[in-house]
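Next up is a structure, given as structure tokens.
The values are calculated or read from the model by the stated rules, or taken from the named source; none is laboratory data. Computed from a prediction, not measured in an experiment: that's the story for all the values here. Using ideal geometry, Cβ is built from the backbone for each residue, glycine included, and neighbour counts are taken over all protein chains shown. Just so you know, the surface numbers come from the protein's heavy atoms only, side chains and all, with ligands and any DNA or RNA stripped out. Shrake-Rupley method; radii C 1.70, N 1.55, O 1.52, S 1.80 Å.
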Amino acid sequence: MKREVSVRERAVLIVNPAAGKRHAEDGDLAECVRLLGAAGFDIDRRDTGPEGPTSADLAKSAVADGFRVVLVAGGDGTVAPAAIALIGTEATLGILPFGSFMNIANGLGIPLKPVDAARVIAERKVKRSDVGEVSGKIFFETCGIGMDADMFGAARLAERGRWGPALRRIVRWATANTHRVEVTVDGKTERHGVLQILIVNSPYYGWALPIVPNANMTDGLLDVAIFPRKGRLELIRWMATIWHTGRPGRPPRLLRGKVIQLASSEAVPVHADGQIAGRLPVTVRCCEGALRVFA
């Protein structure tokens with residue numbers, strides 16, 4: 001029987017009790033706490049709630065209270081706000097995947113079973129994860145313009161039972177036109193007629209789709225996936241191939257860089273991880289190594 005570690009470290013555990021738990025089994029959270037306790041962490045559990053506090057609130061208060069380790073049990077919707085609150089601090093994030101889709105954890109190579117992820121945290125190996133920034137908003141997965149903003153927006157509205165707005169989004173998506181966009185990556189400019197541009201930090205996006213499988217969240221660069229002059233049906237087939245096989249079909253045009261500027265004569269909406277972040281023109285930056293995370 002292993003002895004418990006003599007040097008203890010205080011850690012806040014933020015739990016979303018309503019997380020999807022696709023990868024979890026009954027008793028997994030208790031086993032995670034047991035493993036982390038044996039590894040030398042003194043756990044202070046704090047739960048989110050529908051009326052608050054949010055994971056961001058709890059992460060900020062943890063930092064203010066002097067905690068250097070903040071663990072989050074939940075999905076990306078719980079992990080991301082807490083992670084944003086930790087950027088620029090000395091606190092390290094630990095992710096226990098209890099959500100339906102875990103694009104941040106998956107992109108960092110963290111196991112998607114909570115108990116296995118707890119073992120990674122117990123090893124105390126730290127990576128510095130990049131994040132993207134556009135118009136003052138942080139994203140961990142993808143910033144983009146074009147068809148996907150309406151597609152994901154419609155899905156979220158439908159999940160909430162708001163069928164009228166969802167239908168309007170679908171109609172807008174189905175009738176989208178090509179946009180003329182100027183793309184400047186680290187000072188080099190290209191011009192394209194596009195239905196879609198995605199600026200990628202994590203390899204995984206949306207419903208765990210591997211849009212750019214070789215994207216790396218720790219290399220200090222963002223990947224720019226451009227769908228130039230691609231017909232709508234061709235783009236839909238490309239997305240369907242990913243959905244059914246887990247692998248992209250014919251890849252789009254790919255560029256890589258630290259600073260990406262998008263400009264157009266049209267006021268095209270921009271999203272950051274599915275949330276509207278203004279309209280073109282915008283500058284997207286890679287914030288290299290901005291977040292400490294157990295991975």
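At 7 Å along Cα-to-Cβ for each site, give me the label-to-label distance between Glu31 and Arg285 in nm.
4.4
Can you list residues from other chains, or at least 5 along the same chain, whose modelled amide H is less than 5 Å from the amide H of Leu96?
Long-range HN contacts for Leu96: Val72, Ala73, Gly74.
Note down the accessible area of His192, probe 1.4 Å, to the nearest 10 Å².
30
Additional query: Return a whole-number percent for the relative contact order of region 10-144, with Cα pairs under 8 Å and 6 or more residues apart as the contact set.
With pairs under 8 Å counted, the relative contact order is 28 percent.
Measure off 7 Å from each Cα along the Cα-to-Cβ vector at Leu254 and Ala267, then give the distance between these two points in nanometres to one decimal.
The answer from the label model is 3.6 nm.
Still on this structure, please answer the following. Mind checking the full-extension length gain between Ser135 and Ile87? Use 0.36 nm per residue of separation minus the Cα-Cα distance, one decimal, nm.
Here the segment from Ser135 to Ile87 would lengthen by 15.6 nm.
In nm, what is the difference between 0.36 nm times the number of residues separating Ala18 and Arg180 and their Cα-Cα distance?
54.1 nm
³J(HN,Hα) across region 275-280 via Karplus (A = 6.51, B = -1.76, C = 1.60, θ = phi - 60°), whole Hz, x for Gly/Pro?
Karplus-based 3J(HN,Hα) across region 275-280 equals 9, 4, 10, x, 9, 4 Hz.
Relative to the present Cα-Cα distance, how much length would full extension add between Asp219 and Glu9 at 0.36 nm per residue of separation?
Separation in residues times 0.36 nm, less the Cα-Cα distance, equals 72.7 nm.
Between Arg128 and Arg162, what is the FRET efficiency for a Förster distance of 45 Å, r being their Cβ-Cβ separation, to the nearest 0.05?
The computed FRET efficiency comes out at 0.70.
Oh, and also: For Leu280, what residues show an amide H to amide H distance below 5 Å, using hydrogens built from the backbone and excluding near sequence neighbours?
Residues meeting the criterion, in which the H sits 1.01 Å from N, are Val268, Val270.
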